[in-house]
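For reference, the structure is listed below as structure tokens.
The values are calculated or read from the model by the stated rules, or taken from the named source; none is laboratory data. Nothing here was measured: the structure is a model prediction, and the numbers come from that model. Backbone-built Cβ (ideal geometry, glycine too); neighbour counts: all protein chains shown. Quick note on the areas: whole protein, heavy atoms, side chains included, nothing else; ligands and nucleic acids left out. Shrake-Rupley method; radii C 1.70, N 1.55, O 1.52, S 1.80 Å.
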Amino acid sequence: MSRFLSKDQLEGFEKYKYNSIDTSILSTYVMHPFWNWCVQFCPVWVAPNLLTFSGFLLTVINFLLFSYYDYGFHALSKENFTNDSIPNWVWAVTAVNLFVAYTLGENHIKIIIAELTSHDIQDELTPLRFYFVIWNIFLNFYLTHWEKYNTGVMFLPWGYDFTMLGSCILLLVTSLIGPSAWHVTLPGGLTPGVVFEIVLYFSAIITSQTVILWNIYKSYRDGTGKMRPFIEAVRPLFPLAIFFILSTAWALYSPNDVINKGPRLFYILTGTIFSNINCRLIVSQMSDTCCESFNDLLIPYAAVVFACLYGVSEAVELVLLSLLTALVSVAHIYYGTHVVQEMCEHFKISCFKIKSKSN
């Protein structure tokens, strides 16, 4: 039976020690005291993995709710809009689920934010523009782990906590007064969707991307980081760059306009492949091993992209999109479950339960 974790990676995990720096005022003075208060209600036998996984399941529930009521992102479009297109209780439930998931664990959250906010602003941003918004979120999340891969330190961005709470507030407001609150024209002719887009891009550049590059540069200048050779330092960027080029080519040049015909499937597909690429980077940075320069899921992905760009019917392209989404989802779940199993076997622990010392 093939294994995903090498001997070097497992030995690297034995030496791993979480190291982060969080200077966010909101996190330090509001959220951390709240989380510390919540901890007292958690049974001592519950493993952190169980909390994170529970948070993930809550976001899956949110995804399923929005998929049921608005699969094609059309419920709030100006052509089809009614305040009851998505029931108010759905907005309230997703707000609560998002906040609880945020409290339980954060690794899956950024993509979920994109999923939730997309329903509020879909008529303001085309699927193609929203595709680039999602990639902006992908990039920030990935660069944070690339930063740790090179510096050995997780510098937690300020924008994360503000974005999380802001998204919860946005959903709660929508549940109280309806999505019509976001169908307004702001001063200067701007719309909420355009403001969201501008703020997201500029905040990412100012508070995340430039800070990450500075931290990596400073770690090399001061000799405090991993001091990897240049090619090894940038290796994690190779699979992401290949993936971005393939995805963008498909979104821009699909003869059948696949990004508009099947936006939800397209977002799920790209999100799943991104998650796999990101997880492999996390394994490398935690085990202090060299990151992979290519992801095998890009092989079937590239094959489908080239086939569709060469020219197939709309029905065939949507079938290929569906089959590929199913394939990569199964592959990613298989990878994730087996990595967890291999780690649990190596450390002789249970994934979701903390064993007492007597055991």
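Under Stokes-Einstein, with the Kirkwood radius over Cα pairs as Rh, the value for segment 7-54 at 4 °C and 1.567 mPa s is 95 µm²/s.
Mean sequence separation of contacting Cα pairs (under 8 Å, at least six apart), scaled by the length of the chain, corresponds to a relative contact order of 26 percent. Close amide H contacts of Phe155 (hydrogens built in the peptide plane, cut-off under 5 Å, sequence separation of 5 or more or a different chain): Ile21.
Of the residues Ser287, Pro263, Ala326, the one whose Cα sits farthest towards the positive end of the charge dipole of segment 228-347 is Pro263 (charges of +1 on Lys and Arg Cβ, -1 on Asp and Glu Cβ, taken about the Cα centre).
Modelled spin-label separation between Glu14 and Val234, with each label point placed 7 Å from Cα along the Cα-to-Cβ direction: 3.5 nm. Note on segment 228-347: with neighbouring protein chains present and a 1.4 Å probe, carbon and sulfur make up 73 percent of its accessible heavy-atom surface.
Taken over segment 143-204, the percentage of Cα pairs per 5 Å bin, counting from 0 up to the bin with the maximum distance, is 4, 14, 16, 20, 17, 10, 7, 7, 4, 1.
In whole angstrom, segment 302-354 maps to an equivalent ellipsoid with semi-axes of 39, 10, 5, each derived as √(5λ) from the alpha carbon gyration tensor and ordered largest first. Average accessible surface for segment 228-347: 43 Å² per residue, computed with a 1.4 Å probe over protein heavy atoms with every protein chain in place.
About its Cα centre, the dipole of the chain is roughly 1020 debye, where the only charges are +1 on Lys and Arg Cβ and -1 on Asp and Glu Cβ. Shape annotation for segment 156-290: C-alpha extents along the principal axes are 53, 39, 27 Å, from largest to smallest.
Mean-square fluctuation check for the chain, GNM, Cα pairs under 10 Å: which of Pro255, Pro127, Pro236 is largest? Looking only at Pro255, Pro127, Pro236, the biggest GNM fluctuation is shown by Pro255.
A helix-only calculation puts the chain at -22000 deg cm²/dmol for mean residue ellipticity at 222 nm, using -39500 (n - 2.57) for each DSSP H run of at least four residues, averaged over all residues. Shape class of segment 228-347 from the alpha-carbon gyration tensor: oblate, with a/c at 1.5 or above and b/c at least as large as a/b.
In sequence order, segment 239-252 has phi-based couplings of x, 5, 5, 4, 4, 5, 4, 4, 5, 5, 4, 5, 5, 7 Hz under the Karplus curve 6.51 cos²θ - 1.76 cosθ + 1.60, θ = phi - 60°, and Gly or Pro positions carry x. Taken over the chain, lysine pairs spaced eight or more positions apart, or on distinct chains, with alpha carbons under 26 Å apart number 29.
Taking the Cα centre of each part, how many Å lie between segment 247-325 and segment 1-65? If we compute the Cα centre of each part, the gap is 27 Å.
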